1. Would you pick out the residues in region 58-70 that are part of a helix (DSSP H, G or I) and out of contact with any helix residue (DSSP H, G or I) (no Cβ under 8 Å at 6 or more places or on another chain)?
2. What are the residues in region 27-39 that are assigned to a helix (DSSP H, G or I), modelled with pLDDT under 85 and surrounded by 10 or more Cβ atoms within 10 Å (Cβ to Cβ), if any?
3. Name the residues in region 116-127 that are in contact (Cβ under 8 Å) with a residue 40 or more places away in the chain and closer than 15 Å to residue 166 by Cα, would you?
4. Test residue 167 against the stated conditions and say whether it is loosely packed, with under 13 Cβ neighbours inside 10 Å and either outside any helix (DSSP H, G or I) or under 22 Å from the mean Cα position of the chain (by Cα) (or both).
5. All but one of (1) in contact with a helix residue (DSSP H, G or I) (Cβ under 7 Å, 6 or more places away or on another chain); (2) at negative phi hold for residue 240; which doesn't?
6. Just checking: which of the helices (runs of 4 or more DSSP H) contained wholly in region 174-292 hold 3 or more residues that are touching a residue at least 60 places away in the same chain (Cβ under 8 Å)?
7. Please go through (1) in contact with a helix residue (DSSP H, G or I) (Cβ under 8 Å, 6 or more places away or on another chain); (2) surrounded by fewer than 18 Cβ atoms within 10 Å (Cβ to Cβ); (3) at pLDDT below 85 for residue 178 and return the number of the only condition it doesn't satisfy.
8. Got a sec? Which of 73, 77, 42 is modelled with pLDDT of 95 or more, surrounded by fewer than 17 Cβ atoms within 10 Å (Cβ to Cβ) and in a helix (DSSP H, G or I)?
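The values are calculated or read from the model by the stated rules, or taken from the named source; none is laboratory data. From a predicted model like this one, the values you see are computed outputs, not experimental measurements. Neighbour counts are summed over all protein chains in view; Cβ atoms, including those assigned to glycine, are modelled from backbone coordinates with ideal geometry.
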C-alpha cells in the first residue's frame, strides 16, 4: 500500500473543502404555518376595525388635530419629560444611597423604595393633592419650633400641575433607583480599584468611568420607564388636570361620542410611543458603538460534498491492494 504524502494531501483537502462546503438552511414548516395563521387573523382584525361604522372614523379625523386634544397632548409630553428628569436625578441619588456603607443612609433609601413601590400611583396622586388637609402651611426653617425662612400656603403652592409632576417623579424615582443600581452593579469592581490606584477621586471615577458604562446598560430599562411614564400621565385625570385623556373625556361628555374620542387618544399614545421607541433604538446604537458585538449567524445544516481521490497515481490516494 502506498504511503500518504501529508505535504501534498493537506492543501488539497483544505482547498476542496472550502470550495465544496455549502450551508443548507433548516426548514421549519411550523413557522410557515404559524405565519400564515397570524396574517389571516391580522387581516380579519383590520377588516373588522376598518369596516365597522360604529368607530365613526370621520369623527376621529375631525378631532385628531383639534386644539383641545393637541393642548392635552402637549401637557402629557410636559408631564412625561419633567417627571422623567425628577425620576432620573432621584434614582441616581437613591442608588448611591442604597450602596452606601452607612446603614442609616441605605435604610432610608430602602424605606423610600418600599413605600412608593408598595402603594399605587393613583393613591399617591390623590393623597398628595389633598396634602393641605394635613399641612395647610408649608414652611422651611429651623426644626422643633424654630424660625421659618420660607412659608407658603399649601393650596396655592401645590397646584394640579405641580402635584402631577411631583407625584409622577417621586413614584418613578423608586423604580429608577433599581434601574440605576442594576447598571452600577454591572460594572466590574476592578475598574474602580484601578482608578483608585491611579489616584482618581471617587466622584471623578463615577462620572468618567462607572456611570458612562452603566448608562449604556440602563438605556433599555430607562426607555421602558419613559414609555410607562407617558401612559401613567393618564392617571392625573383624577385630579382634573387636562392632559390627553382628560381632554378627550371633556369632549365626549359633551358630544356623547365616547368611542371615537377614546380612539383619538389611543392613536396619539401609539404614535408618541413609537417615536420614543425609535429614539431609544438610536440611543442604544450611539452608546453601544465601542462595544464589540458578534454578528448573527445563519442557522442551518452544513453539507459537505465528498472529496474524491485524484485520478493520478503516486499522490498517496492509491487504493490498497
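1. Taking region 58-70 as the starting set, the residues that turn out to be part of a helix (DSSP H, G or I) are 58-64, 67-70.
Across region 58-70, the qualifying residues are 58, 61, 62, 67, 70.
2. Hits for region 27-39: nothing passes.
3. Hits for region 116-127 are 116, 121, 122, 124, 125, 126.
4. On the way: loosely packed, with under 13 Cβ neighbours inside 10 Å: no; either outside any helix (DSSP H, G or I) or under 22 Å from the mean Cα position of the chain (by Cα) (or both): yes.
Criteria not met by residue 167.
5. Exception for residue 240: condition (2).
6. Numbers: elements: 189-197, 202-205, 211-232, 244-255, 258-287.
Where helices (runs of 4 or more DSSP H) fall fully within region 174-292 and carry at least 3 residues being touching a residue at least 60 places away in the same chain (Cβ under 8 Å), they are 211-232, 244-255, 258-287.
7. Here residue 178 clears every test but (3).
8. Working: 73 fails: surrounded by fewer than 17 Cβ atoms within 10 Å (Cβ to Cβ); 42 fails: modelled with pLDDT of 95 or more.
Of the residues listed, the single one that is modelled with pLDDT of 95 or more, surrounded by fewer than 17 Cβ atoms within 10 Å (Cβ to Cβ) and in a helix (DSSP H, G or I) is 77.
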